[in-house]
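**Student:** One structure is given below, represented as C-alpha cells, and several questions about it will come after.
Taken together, the values in this text are just the output of simple stated rules run on the coordinates, not laboratory data. For clarity, every value in this text was computed on a predicted model and none was experimentally measured. A quick note on method: Cβ atoms are made from the backbone with ideal geometry, for glycine too, and the neighbour counts reach across all protein chains shown.
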Amino acid sequence: MKLSEIKSILPGLDTVAFLLPNGTQVPEHFHVTEVGIVNKHFIDCGGTTRYETKVNFQLWNANDYENRLKPGKLLHIISLCEQKLSINDNLEVEVEYQGDTVGKYALDFDGVSFVLVSTVTDCLAKTTVAYRPKSKNYL
C-alpha cells in the first residue's frame, strides 16, 4: 500500500486499527513511534545492483491507555514527516511490529482496519542465477 492510499483512507475512519496476519488486532493502545524513509542499496545474487526505498511505520504496543492514536493525529504525523524528511507519498509503506522479534510487514486495508501482510524473502535473479557459472562477478 502506498502512503498516498493511507492518507486518503484515514479521513474516513473513526479509529485507527491494525490487524496482524493471523487476524488478531494490534492492541488499541499502540503508538506509531517512528515514521521514516528506509533506503536499501544492495547487490542481488545475480550481481545486479538494486535500490529500494520505502516509508516505514514502527508500531509499538504502549501501556498508554489514555492517548490512543486517532486518524487525524496519524495524518498530522505523516504530514510532518513529509515536510521534514521530503517523503514522497507514492512510496510503498512497510510496517515494523514487535512479535517474538521485530517483523516487517506489507500493508493492506480491509475496509475497516489496516492489515499487516506477511512478507517473504525471494531471489530477485531467478532467471539468470541458475544458469550462470560461478565467477567473481556473482554472489
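**Student:** If we count trypsin sites (Lys or Arg not before Pro) as exposed when they sit in a DSSP loop and have at most 11 other beta carbons within 10 Å, what is the longest stretch of the chain that avoids them all?
**Tutor:** Between the exposed loop sites, the longest stretch runs 1-133.
**Student:** Between residue 126 and residue 73, what FRET efficiency comes out of the Förster formula 1/(1 + (r/R0)^6) with R0 = 41 Å and r the beta carbon distance, rounded to 0.05?
**Tutor:** Step by step, r from the Cβ atoms, then E = 0.45.
**Student:** Could you give the alpha-carbon Rg of the chain over 2.2 N^0.38 Å, rounded to two decimals?
**Tutor:** Cα Rg divided by the expected 2.2 N^0.38 Å: 1.24.
**Student:** Also, I was wondering about something else. Tell me which residues come under 5 Å, amide H to amide H, from residue 109 once H is placed; ignore anything under 5 positions away on its chain.
**Tutor:** 115
**Student:** Please report the antiparallel percentage of the DSSP beta bridges confined to the chain, to the nearest 5.
**Tutor:** Of those bridges, close to 75 percent are antiparallel.
**Student:** Just to be sure I understand the model, the point goes 7 Å from the Cα along the line to the Cβ. What's the resulting residue 9 to residue 50 distance in nm?
**Tutor:** 2.5
**Student:** What residues qualify as long-range amide H neighbours of residue 43, i.e. H under 5 Å apart, gap of 5 or more or another chain, H built at 1.01 Å from N?
**Tutor:** Distant-sequence amide H within range of residue 43: 50.
**Student:** Also, quick follow-up: Where does the longest stretch of the chain lie that holds no chymotrypsin sites (Phe, Trp or Tyr not before Pro) found in a DSSP loop with 13 or fewer other Cβ atoms within 10 Å?
**Tutor:** The longest uninterrupted stretch comes out as 66-130.
**Student:** Based solely on its DSSP helices, what 222 nm [θ] is calculated for the chain when runs of n ≥ 4 H residues each add -39,500 (n - 2.57) and the sum is averaged over all residues, nearest 500 deg cm²/dmol? Show your work: numbers first, answer last.
**Tutor:** On the way: 3 runs with 26 residues, N = 139.
Taken over the chain, the calculation gives -5000 deg cm²/dmol.
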